[in-house]
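Participant: Before I ask anything, here is the structure I am working with.
What follows draws every value from the coordinates through simple rules; no lab data is involved. Model, not experiment: these values are computed from the prediction. Glycine gets a Cβ as well: all are built from the backbone with ideal geometry, and neighbour counts include every protein chain shown.
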Amino acid sequence: MVNEVDRTFLALADPTRRKVVDILRRGPKRAGDLAASFKVSAPAMSRHLRVLRKSGLIEEDRARGVDEDARVRMYRLRREPFAELRGWLEEVESFWGGQLAAFKAHAERGSGKRS
């Protein structure tokens, strides 16, 4: 069973998708603008965006406004999957912090015996 953190890692395994996330950190973008940023075809960018959408990392919104074309799709990051990833990373960091603290205490006890 694939959980949310697994989906996030799978989606971010591709360097193009990581760069899309980096670009979207600056704000929502049109699909065409994202494709132009990479000099890739619209279908290729569409495949990357589909993976990011299915993983929940981004969401799609139809352009709104008088001058906007309703067919234009805007993409933006979603906060929730990144919060879950951050939580998982904090758990891993906490584990290693505990391991390093225990090693330090052991090393300090050992160095006291040699004096």
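Participant: Only helical DSSP H runs with n ≥ 4 go in: add -39500 (n - 2.57) per run for the chain, normalise by residue count and round the 222 nm mean residue ellipticity to 500 deg cm²/dmol.
Facilitator: Values: 5 runs with 76 residues, N = 115.
My calculation for the chain gives -21500 deg cm²/dmol from helical runs alone.
Participant: Now for a different question. Along the charge dipole of the chain, Cβ charges K/R +1 and D/E -1, which of Gly110, Val5, Gln99 sits furthest on the positive end?
Facilitator: Towards the positive end, the residue furthest out is Gly110.
Participant: Placing +1 at every Lys and Arg Cβ and -1 at every Asp and Glu Cβ, with all other atoms neutral, what dipole size does the chain have around its Cα centre, in debye to the nearest 20?
Facilitator: 300 debye
Participant: With each label point set 7 Å from Cα along the Cα-Cβ vector, what nm distance links Asp6 and Asp33?
Facilitator: Label-label distance for Asp6 and Asp33, simple model: 3.6 nm.
Participant: Given H placed on each backbone N at 1.01 Å, which residues far from Lys29 in sequence or on other chains put an amide H within less than 5 Å of it?
Facilitator: Tyr75
Participant: Scan the chain and note any complete DSSP helix (H) whose C-alpha atoms cover at least 27 Å along its axis and whose Kyte-Doolittle average is -1.0 or more.
Facilitator: 79-113
Participant: Treating each Cα of the chain as an identical point scatterer and ignoring solvent, apply the Debye formula and state log10 I(q)/I(0) at q = 0.22 Å⁻¹.
Facilitator: Per q value, in the given order, log10 I(q)/I(0) is -1.19.
Participant: In what sequence do Ser55, Ser41 fall when counting other Cβ within 10 Å, fewest first?
Facilitator: Going from least to most buried by this count: Ser41, Ser55.
Participant: Between the range 30-46 and the range 1-23, how far is it from one alpha carbon centroid to the other, in angstrom?
Facilitator: Cα centres, the range 30-46 to the range 1-23: 17 Å.
Participant: Could you check the spin-label model distance between Ile23 and Phe103? Points 7 Å from the Cα along Cα→Cβ, value in nm.
Facilitator: Distance between the two pseudo-spin positions: 4.1 nm.
Participant: Mind checking which of His48, Ala36, Ile58 is farthest towards the positive end of the range 4-113's charge dipole, using Cβ charges of +1 (Lys, Arg) and -1 (Asp, Glu) about the Cα centre?
Facilitator: Of the candidates, Ala36 comes out farthest on the positive side.
Participant: Still on this structure, I have one more. Which far-off residues, 5 or more places away or on another chain, put their amide H under 5 Å from the one on Val72, with H placed in the peptide plane?
Facilitator: Close amide H contacts, sequence-distant or interchain: Ala63.
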